[in-house]
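Only the coordinates and a few stated rules stand behind these numbers; no lab work does. Owing to the predicted nature of the structure, the values given are computational and were not obtained by experimental measurement. A quick note on method: Cβ atoms are made from the backbone with ideal geometry, for glycine too, and the neighbour counts reach across all protein chains shown.
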Amino acid sequence: MPVVWLSDVDKNDIPVVGGKAANLGELMRIEIPVPDGFVVDARTFRDFINKANLKEKIYPKLRNLNVENTEELNRVSEEIRKMIEEAKIPAEIEMEIRKAYRELGNGKEVFVAIRSSATAEDMPDASFAGQQDTYLNIKGEDLVVEKVKACWGSLFTPRAIYYRVQKGYRHEDVSIAVVVQKMVNSEKSGVMFTSHPVTGEKKCIIEAVFGLGEAIVSGLVTPDTYVYDRNSRKLVEVKVSEKKFMIVRKNGNEKVELGEKSKERVLSDQEIEKLVSLGELIEEHYGKPQDVEWAIENGEIYIVQSRPITTIRETEERKEVIEEGKILLKGLGASPGVASGHVKIVKETKDITKVEQGDILVAVMTTPDMVPAMKRASAIVTDEGGMTCHAAIVSRELGVPAVVGTKNATKVLKDGMLVTVDGEKGVVYLGRLETKAEKEEPKFVSAPIITATEIKVNLSLPDMAEKVAKETRADGVGLFRIEHMILSLEKHPMKYIRDGEIEKYIELLYNEMKKVVKAFYPKPVWIRTLDAPTDEFRAMEGGEDEPIEANPMLGFRGIRRDLAEEMHFRAELRAIKKLIDEGYTNIGIMLPLVVVPEEIRKARKIAEEEGIPLEKIEFGIMVETPAAALIIEDLIKEGIDFISLGTNDLTQYTLAVDRNNENVAYLYDEMHPAVMKLIERTIKICKEHGVKTSICGQAGSYPKVVEKLVEMGIDSISANPDMVNKIREVVARVEQRMILEKLRKLS
Ligand code: PEP
Ligand code: MG
């Protein structure tokens with residue numbers, strides 16, 4: 001069947017209807033108000049390509065194409081699109097499209113939106129936003145057929161070809177489905193991030209304009225922004241912008257000046273609340289924060305599209321401007337990071353060639369054709385747009401800092417000007433300003449500080465390993481938290497295993513772990529086996545089966561889970577074994593959340609079964625429960641080389657304060673005497689038994705705690721990357737003081 005109805009599709013149909021259509025079908029199933037429509041599926045596109053004998057003509061042209069050569073890219077794209085345009089659609093396909101359109105309007109000619117949905121689209125690791133064409137306000141059978149064909153052709157625009165090459169997709173593997181959907185004649189419309197697109201906080205961000213949403217996506221109008229805190233259930237921020245005009249549907253899209261109305265707030269509190277609850281339903285259904293397009297017609301909300309947010313980032317990556325500078329412009333911080341460089345104003349596509357590596361790309365609004373230049377830029381600044389405009393979405397995905405909606409960047413900034421862009425705060429400064437990360441780079445005047453206590457670093461992101469190793473010169477990694485790395489994989493560890501893809505999972509783990517052990521070699525890297533709280537892993541694909549727990553912090557996580565779901569534990573060990581076999585013996589295996597000796601015994605046995613040479617590497621545990629601290633003698637008997645104090649958990653379990661519960665956060669105190677007593681006891685007994693001691697909880701980054709730990713005789717401290725240098729100084733001072741005191745006593 002060339003055509004399928006949206007109400008008949010679900011996520012299993014992604015390969016044939018594309019992510020966009022499958023999502024709409026899924027939403028219909030959970031009774032989210034979605035405008036009706038049908039899909040000309042991806043098989044139909046392939047059918048067309050085959051029957052029109054285009055396959056052999058198109059793909060060879062793309063095989064050796066150098067996409068960095070803009071001219072060549074444009075030429076090939078044009079040739080392919082022309083071929084598609086001139087080819088005839090097989091009669092049976094055309095008939096079906098016409099019939100479905102008539103049915104959609106119940107015999108009447110209705111306005112439809114025709115959107116492309118590439119079948120690799122909306123995958124968790126890539127956003128094809130704006131890559132293929134969308135046509136709005138299409139009416140009449142002939143036009144519908146024509147635009148469907150135009151959508152097919154848009155699979156080969158220069159930007160779409162470029163993007164696929166960048167993302168490593170084979171052109172042949174990406175097909176295109178076309179969604180034909182009734183248009184909502186919206187009086188208001190916009191987009192909604194169900195969680196913050198940069199930090200991932202449970203803050204719903206809604207952008208709204210009057211009229212059609214096209215105004216936002218194209219960046220033509222700076223929308224109102226509303227921030228709704230889903231924890232406190234409060235609207236915490238309302239930014240009403242000046243929306244000079246709106247786009248309305250007449251016989252096509254028309255711009256209408258808004259006059260007085262331009263400064264009015266678009267959404268009422270009630271509308272925001274309704275939108276948030278729909279957003280929450282959708283997020284809950286998919287188990288992932290969503291980027292939702294919505295529209296309101298006659299007071300009714302419709303959800304036009306929803307896809308996962310692909311851009312939530314780790315906080316460690318951020319840089320901050322620390323020097324005072326002259327502020328040239330302010331806008332919305334749309335993609336975090338700080339960068340300095342020379343301004344290059346891009347007015348039209350042909351200007352992109354003047355943007356060189358490290359320049360600051362400045363435009364009224366970016367377009368998909370600018371992506372190659374956006375990649376070379378060190379930051380992006382635009383006049384228009386909000387958190388969801390093209391510049392914002394693409395910059396976040398490319399990891400380039402961006403400030404959007406500055407109103408007049410293209411006027412205030414001049415070609416060649418040196419500026420610093422803070423994509424977090426949304427500010428553009430004059431000149432090159434010093435940033436925090438730069439300042440923290442070791443600048444030694446005399447010999448580097450050497451401490452007897454080793455200073456290590458905690459790490460979560462393998463891609464940061466080299467940078468962190470270089471900048472901190474840490475004595476190793478005291479905690480390699482593999483949870484973040486695993487959370488960024490395509491699917492839940494157990495799903496790989498259930499799908500018979502354990503080898504693939506091992507390979508992924510091995511590749512990521514290798515980045516860290518290699519960057520720090522020969523310094524030790526203590527790899528902690530998976531500590532996966534059910535609530536955090538539920539959001540992953542295949543994580544739907546995670547048990548719902550009243551208190552995940554006391555639940556199915558840590559070593560108890562590793563032993564119960566032994567296969568993913570074995571997969572980690574196999575990845576580690578591969579590294580050891582390659583000569584990376586700078587590895588330590590660390591077990592999380594140990595409470596009884598049997599856990600160590602069983603884990604050891606499994607490690608031995610997997611052929612891990614425990615005599616060659618270090619094997620240890622986290623002490624992060626009062627139980628472990630109080631029976632440390634018994635745990636030591638199981639044969640461990642080291643312990644690391646996990647004060648984040650140790651504090652919550654000792655004080656009965658859930659570390660994720662803001663209502664009791666005021667009671668959370670790592671320096672509480674009870675916690676300190678458990679720590680002191682653990683260090684003392686471990687020392688007596690020749691077991692190395694360390695700390696990797698957040699308290700290891702607190703100078704006050706660290707002073708005490710050094711006095712207690714801890715062997716190493718593992719701090720956050722940003723605190724390593726500071727902690728090294730603190731440790732050096734305490735050590736010096738201790739020596740001095742000893743000497744004074746002797747004399
Ligand atoms: C800890 O509990 O202190 C610790 C380092 O582990 P996590 O924060 O990953 O639970
Ligand atoms: Mg812990």
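A few points about this structure:
- With the charge dipole of the chain set up from +1 on Lys and Arg Cβ and -1 on Asp and Glu Cβ about the Cα centre, the Cα lying farthest toward the positive end among the listed residues V145, V710, T44 is that of V710.
- Counting neighbouring beta carbons within 10 Å and listing from fewest to most, the residues H689, H390 come out as H689, H390.
- Length gained on full extension, A452 to D8: 153.1 nm, using 0.36 nm per residue less the C-alpha separation.
- Residues of type lysines that K234 reaches as a straight line, Cα spacing below 17 Å, ignoring anything fewer than 8 places off in the same chain: K202, K203, K274
- Volume per residue of the C-alpha convex hull in region 232-275, rounded to whole Å³: 91 Å³
- Simple spin-label estimate for E711 and R432 in nanometres, 7 Å along Cα-Cβ: 4.5 nm
- Here the gap between E201 and K704, fully extended at 0.36 nm per residue and compared with their Cα-Cα distance, gives a gain of 178.1 nm.
- For the chain, the Kirkwood estimate of the hydrodynamic radius, built from every pair of different alpha carbons, is 28.4 Å.
- Column: log10 I(q)/I(0), Debye, Cα scatterers of region 449-544, q = 0.12, 0.13, 0.14 Å⁻¹: -0.43, -0.49, -0.56
- DSSP beta bridges fully contained in the chain are about 65 percent antiparallel.
- Of the residues V240, S306, C204, the one whose Cα sits farthest toward the positive end of the charge dipole of region 188-308, with +1 on the Cβ of Lys and Arg and -1 on the Cβ of Asp and Glu, is V240.
- By the count of neighbouring beta-carbon atoms within 10 Å, fewest first, M513, M28 end up ordered M28, M513.
- Size of electric dipole in region 3-182: Cβ of Lys, Arg +1 and of Asp, Glu -1, about Cα centre, debye, nearest 20: 240 debye
- Set of aspartates and glutamates with alpha-carbon distance to K704 below 20 Å, sequence-local pairs under 8 removed: E454, E624, D649, D669, E670, E680, D715, D722, E729, E735, E741
- Rounded to the nearest 20, the size of the Cβ-charge dipole of the chain about its Cα centre is 1680 debye, with Lys and Arg at +1 and Asp and Glu at -1.
- Computed magnitude of the charge dipole of region 217-256 (debye, nearest 20; Cβ of K, R +1, Cβ of D, E -1): 140 debye
- Histogrammed with a bin width of 10 Å, the alpha carbon distances of region 454-746 distribute as 6, 28, 37, 23, 5, 1, 0 percent, first bin at zero.
- Value in Å of the Kirkwood radius, where region 188-308 supplies the Cα pairs that are averaged: 14.5 Å
- When the charge dipole of region 454-746 is built from unit charges on Cβ atoms (+1 for Lys and Arg, -1 for Asp and Glu) and taken about the Cα centre, the candidate among Y510, V477, N551 whose Cα reaches farthest toward its positive end is V477.
- Projected-area average for region 531-585 over all orientations - Cα convex hull basis, square nanometres: 4.6 nm²
- Between R98 and E565, the contour length at 0.36 nm per residue exceeds the alpha carbon distance by 162.8 nm.
- Shown here for region 180-250: trypsin sites (Lys or Arg not before Pro) in loop regions (DSSP other than H, G, I, E, B) with at most 10 other Cβ atoms within 10 Å, namely R233, K250.
- Reducing region 589-623 and region 1-74 to their Cα centroids gives an inter-centroid distance of 49 Å.
- Mean-position separation - Cα centroids, region 478-503 and region 638-715, in angstrom: 28 Å
- Rg/Rg_ref, region 3-182, where Rg_ref = 2.2 N^0.38 Å and atoms are Cα: 1.01
- The alpha carbons of region 495-633 stretch over 44, 41, 27 Å along the principal axes, in descending order.
- Within straight-line reach of K354, meaning a Cα separation under 20 Å, sit the following aspartates and glutamates at least 8 residues removed in sequence or on another chain: E68, E71, E72, D369, D383, D415.
- Each label point was placed 7 Å from the Cα along the Cα-to-Cβ direction; for K354 and R170 their separation is 4.2 nm.
- Peptides 415-422, 206-213 ranked from most to least packed by the mean count of surrounding Cβ atoms within 10 Å: 206-213, 415-422.
- Backbone N under 11 Å from the D641 label point (7 Å along Cα→Cβ), restricted to region 503-524: 524
- Cα gyration tensor shape for region 687-747, rounded if a/c is under 1.5, else prolate or oblate: oblate
- Of the DSSP H helices in the chain, none is both long (alpha-carbon extent of 30 Å or more along the helix axis) and hydrophobic (Kyte-Doolittle mean at least 1.0).
- Residue pairs exceeding 23 angstrom between C-alpha atoms, taken from K515/K708; K350/K375; K188/K255: K515/K708.
- Set K684/K742; K326/K414; K263/K326; K456/K514; K99/K147 screened for pairs whose C-alpha atoms are more than 26 Å apart: K263/K326
- With distances taken between every two different alpha-carbon atoms, region 316-440 has a Kirkwood hydrodynamic radius of 13.6 Å.
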